[in-house]
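Taken together, the values in this text are just the output of simple stated rules run on the coordinates, not laboratory data. Model, not experiment: these values are computed from the prediction. Cβ sites come from the backbone with ideal geometry, for glycine too, and all protein chains shown count toward neighbours.
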Amino acid sequence: MNLKERSVQAGALVEAALFAAGRALTARELADLSGLSEEEARSAATSLAARWSDRCSGLEIRSFQDSFVMQVRPDLAPLVAPVAPRELEAPLIRTLAVIAYRQPLPQSELIRLRGNKAYDHVRELERMGLISAPRKGRTRELCTTRGFAEYFGLESESPEAIRQAIGQGRRGLGVTPMFESLALRLGLDYLVVNPYRPQPEDVDRMMEIDLLVVSPGYSELVKASYRGEVLEARTGTLSQLKESAELISARRGGNLEGFLEHVDSLLLHYREMAADCPPVQPRSALVQELAEDLRIPVSDEGIPAAPDYRGTEAEIQIPTHQDYSMDILERVRQRCDALLEGLLKK
């Protein structure tokens, strides 16, 4: 066999190996299979990749980190997904997604998020070579492996690159129960989640979203369970509610104009009422903000007003212990009504 024939046969063997493997092969592995040197195997695989690209085939050969993989072209993958083998069942995929997104993840934390069934998932995913689970203290530290990147056709196995790849597939809005009515008023599609004390179903939902709306001051708390964008929405006053709606709508659209018109009409009505009010003496930041928003005069000699949760004696009590299921606009209206009615009675 002359040199040219040997080269053709080695190239064919490299092509067959990539087809049969169903995973990425390193240049070293291709060299061992073909009898070529590592550099020759790398060159043969690179040439194959170029030829497959020129064919406009449904398959392609991609290279990353000195490895090569034959796979369905990304633009065609969704079309053939219904007939592709499904080796990972949905519960296993959800557990793997949590590990991939939050790695390095203590196994104890995974069990808290996914329940005891996750022990079996870890064993199976480790057996498949998709994760590593070395001991770290009393638990195990879970991370994805190079095999994970190969399985899902990712160019990099770094945790940050994997998180970015996961994020590209998400485009959902998540809201805590308090903000559900705001999402409804804006006409948005959303998922209700509890990121403060998440249950397994909350963890699953947070994997489907890339924007989470929470109350002010809770961003750090939710980062223990969620790593996407967090929007802290202020809703203490009508103007704050408008601002929060605008921030959400800037990212997700919705019927913002109609909502703002409604809030503006309420604000105008309340400010007209406030023109006849005596001064108020705010005994909390919330009451101060309400007074400023409604243009009620503020004075140290004014009528004391305080939130009902502070236990502070005040002639006017502003409701704050409202049910989370209450419409968010109604919640703010109750506070405005309590303040204005209390002042106008004096």
Sticking to Cα atoms, compute the Rg of the chain to one decimal and its Dmax as the biggest Cα-Cα distance, whole number, in Å.
29.5, 107
Please list 3J(HN,Hα) in residue order for region 145-153, calculated via the Karplus relation 6.51 cos²θ - 1.76 cosθ + 1.60 where θ = phi - 60°; whole Hz, with x for glycine and proline.
10, 4, x, 4, 4, 5, 4, 9, x
GNM, the chain, Cα, under 10 Å: largest mean-square fluctuation among 51, 140, 23?
51
Estimated inter-spin distance, residue 16 and residue 73, nm [label 7 Å along Cα→Cβ]:
2.7
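Quick check on packing: order 238-250, 94-106 by the mean number of other C-beta atoms within 10 Å, highest mean leading. Kindly include the intermediate steps, with their values, before the conclusion.
Details: 238-250: 18.2, 94-106: 20.5.
The most tightly packed comes first, giving 94-106, 238-250.
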Could you give P(r) for region 256-344, binned at 10 Å from zero, as whole percent values over all Cα-Cα pairs?
17, 50, 28, 5, 0
Once phi for every residue in region 210-223 is put through the Karplus expression 6.51 cos²θ - 1.76 cosθ + 1.60 (θ = phi - 60°), the whole-Hz ³J(HN,Hα) values, with Gly and Pro written as x, are 10, 9, 10, 9, 9, 6, x, x, 10, 4, 5, 4, 6, 5
For region 172-219, what does the alpha-carbon gyration tensor say about shape, rounded, prolate or oblate, given a ≥ b ≥ c as the root eigenvalues, a/c under 1.5 as rounded, and a/b over b/c as prolate?
oblate
Amide H neighbours of residue 142 under 5 Å, at least 5 residues apart or on other chains, H built in the peptide plane: list them.
105, 107
